[in-house]
Structures are given as C-alpha cells and as structure tokens.
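Enquirer: One structure coming up, written as structure tokens, with questions to follow.
The values are calculated or read from the model by the stated rules, or taken from the named source; none is laboratory data. Please read all numbers here as calculations on a predicted model, not as lab measurements. Cβ sites come from the backbone with ideal geometry, for glycine too, and all protein chains shown count toward neighbours. The protein model used for the area step is the full one, side chains on, heavy atoms only, and it has no ligands, DNA or RNA in it. Shrake-Rupley method; radii C 1.70, N 1.55, O 1.52, S 1.80 Å.
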Amino acid sequence: MRPLDETGVAKRQESGLPLMDISSPGFRQEPAAAEVVETPGPGGCWQCPSSPCGSRAQQEAEKKAPCPGLGLFYTLLSAFLFSVGSLFVKKVQDIHAVEISAFRCVFQMLIIIPCLIYRKTGFIGPKGQRIYLLLRGVLGSNAMILLYYAYQLTSLADATVISFSCPVFTSIIACIFLKEKYSPWDALFTAFTITGVILIVRPPFLFGSEVAETDKDYSVHVKGALVALAHAVFAAITLVILRKIGTSVDYMLSIWYYVIIGLIECVIVLSILGEWRLPHCGVDRLFLILIGMFGLGGQMFLAKALQIEKAGPVALMKTMDVVFAFIFQIIFFNDMPSWWTVGGSLCVIASSTGAAIRKWCHSTK
C-alpha cells in the first residue's frame, strides 16, 4: 500500500505530474480535451459550426479527446502498481519498515530535485506556509512508515482495508480544524468504517477470548491492525494540512518536504534502533528498487487519471487496491482471508464508495 500513500479523495494538482499519492480533498481538476470541442481550428469561425471550417475544428478536437474510460484504466493500473509495491514490502521481511521507507525517500528525491530546479520553485517555500510544510513532511513520512510496518505485521488484505478508512478520518478532522460541514451521511460512513475495522481486528471483549486462543499470532495481528489504523489517522491529518495549504504552494515543493524530512527521520530512527544495514540477498535489494519504482509509477498513473477523469469515478476504481490485495495474499502467501475479514472489507469499501459517490453527486450539481 502506499504511504500516504497511499484512498478515496484527491489532492490539488499544479502543472506537471505529482510523484506522490494524490488522494486528498479539494483536488482541482483540469478541463479535459473533450470539453473544448467548440474551439474552431485554423480558418474556422464561431458562427459557422456546420461549415467546412467548423467540421475541421470538430475533427481536430475529436482527435485530441481522450479515449473513453482511459482515466479509469489509468486508475486500475495505478491500483495494480501500488498493490505490487505493497507485495514487495510484505516479501522483504528481513529489512525494517523504516529502512524500506528510507530507500523510497532516496529514490523519490532523485526525481524531485531535478523537477524543482526545472520549475524554479526553490527548496524552502513561502514564509507563511513553512510550518504547514514541515507538518506535512513529518506526518506524511510517519504515515508511510506506519503503513509499511503494518504490511510486515499483519496480512496484506487487512492492512490495505484498514488504510482505506482514511477518508472517514479526513472528514472528522476537517470538520474540527477547518470548520467543514459534517453531515449525517458522513456519520453513517464513519459507522460503517468502524464496524469494518472491528470485524477485522475482532477484539476479545466483543468476540470472546477464544478468538485470541485459536490464533497464535493474534497479538501480532492486533498490533498490525492498530498500526494500519494509525497510518489512516496520520494520512488524514496530512490531507487536511494539504487542503489548508491549497494552491499557495507548488505541489512539488510539498513533496520535497515529505521526502527530505522522511529521509532525515528514517536515518535518525534507524541509528537509534541500530537497524541500518544493506540487505545481504540480491533479491531483497531488487525488491527495494522495485518498491520505489512501482510506487512512483502508481502515483504518476493516478495523477494522469485525475487529469482526464472526474475524482468520483477515480475514487471508486481506487477500491481495486483491496481486490488486488486479496488476490496477492491468496496467490503468493497461500493465506485465505477469513469471513470476518471479508465482511469488514465490505463495510470499509461501502463507506469509501458511498463517500466518493456523494462527493461526485455534489460536484456535478
């Protein structure tokens, strides 16, 4: 899954492709090419759409129009790449999650620095927004580390599903700090998400002590579920901060703070824990490279999808992350999810889907 990766809403986007998950509220979509079919071509005019010049303009616009469903295909491809990256994180069990996060930060930093130089945005940002950028970097990097740690502790499906509760926490935190409206529908979606998380965690005080006794790894499972839930909360706070910043800061600059602060934090934590080491196995080194590549590819395809498709359908298609997580867990780990996990997944997906449909309906009014 993704830090901040890796959820059902979309971030604001400036020119160029962002290199991080862009699932935060308030995403400003660019008009698709199909919306400018009235523009006349060379030799055309506005008053004669039926004339030859108008026909040429329409033909040129049709050539520029994106293929129907292309945005959804990009979203599906993005979900697949993110899921494959999560699979590699799960495979690399001998390397600490913090070190995996550090390698990803290094990989993204090599891409971000040339972009900032080309865009001439600087590396510090506006004076009044630096505190928000620092908070965004700290909380975003923590969310990434927690997600990777959750993948290593619990099953791929459980961690992915719980991470999808991020939009619910975003609505609550935005209501508290940004004074945004919290409707009864939001309360219903919150209840569905909480129900889904409870079904996945299965606390003994609700399901009986035999649940913990029959599962020897139950304590590790609970720890992983709580870590994934913490990731969702940190990611939600990060999205609210990005909404607060708005378009006053270049998007690449916010990614720069996330990458550089994340790398510094990872180095400090690894030095304290004494866990900094290169993997001895060549396969693990390959996995570390692929985690960065697939994560970056997933972010780029998600950004491309949001350029040509509305945020609502993209958020709905993004739930394919959960489907891929279930498939990979069964195929590569021979771990069949329990009915409790399936029921909890349906509750969380229903919540995310309902929130996406509601926002989509409001945006089309």
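Enquirer: Taking all protein chains in place and a 1.4 Å probe, what share, in percent, of the accessible surface of region 70-363 do carbon and sulfur account for? The partial results should precede the final answer.
Expert: Working: 9380 of 13100 Å².
After summing per-atom areas, the C and S share lands at 72 percent.
Enquirer: What distance in nm separates the simple spin-label points at Arg358 and Lys179, each placed 7 Å from Cα in the Cβ direction?
Expert: A separation of 2.2 nm, rounded to one decimal place.
Enquirer: Okay, next question. Could you tell me which of Ile291, Leu306, Phe88 has its Cα farthest along the dipole of region 70-363 towards the positive end, charges placed at Cβ (Lys, Arg +1; Asp, Glu -1), taken about the Cα centre?
Expert: Leu306
Enquirer: If DNA, RNA and ligands are ignored and the probe is 1.4 Å, what is the ranking of Ile255, Ile260 by accessible area, most exposed first?
Expert: Values: Ile255 0, Ile260 45 Å².
From most exposed to least exposed: Ile260, Ile255.
Enquirer: Next question, about the same structure. Just how large is the dipole of region 70-363 about the Cα centre, in debye to the nearest 20, putting +1 at every Lys and Arg Cβ and -1 at every Asp and Glu Cβ?
Expert: Computed charge dipole of region 70-363: roughly 1160 debye.
Enquirer: Can you give me the relative contact order of region 70-363 as a percent, contacts being Cα pairs under 8 Å and 6 or more apart? Display every interim value, and only then the final one.
Expert: Working: 382 pairs, mean separation 124.6, N = 294.
Relative CO of region 70-363 lands at 42 percent.
Enquirer: Net charge within 12 Å of Lys223 by Cβ-Cβ distance, Lys/Arg positive one each and Asp/Glu negative one each, not counting Lys223 itself?
Expert: Details: positive: none; negative: Asp158, Asp217.
Local charge sum for Lys223: -2.
Enquirer: Roll a 1.4 Å probe over the protein chains and send me the accessible area per residue for region 70-363 in Å². List each step's numbers first, then the result.
Expert: Working: 13100 Å² over 294 residues.
Heavy-atom SASA per residue in region 70-363 reads 45 Å².
Enquirer: Between rounded, prolate and oblate, where does region 220-365 land on the alpha carbon gyration tensor, with a ≥ b ≥ c its root eigenvalues, rounded for a/c under 1.5, else prolate if a/b exceeds b/c? Spell out each step's value before the answer.
Expert: Details: a/c = 1.72, a/b = 1.16, b/c = 1.49.
Oblate is the answer for region 220-365, as a/c is 1.5 or above yet b/c matches or exceeds a/b.
Enquirer: Another question about this same structure. Normalise the Cα radius of gyration of region 116-199 by 2.2 N^0.38 Å (N = residues in it) and let me know the number. Intermediate values should be presented prior to the final figure.
Expert: Numbers: Rg = 17.1 Å, N = 84, 2.2 N^0.38 = 11.8 Å.
Against the empirical 2.2 N^0.38 Å value, I get 1.44 for region 116-199.
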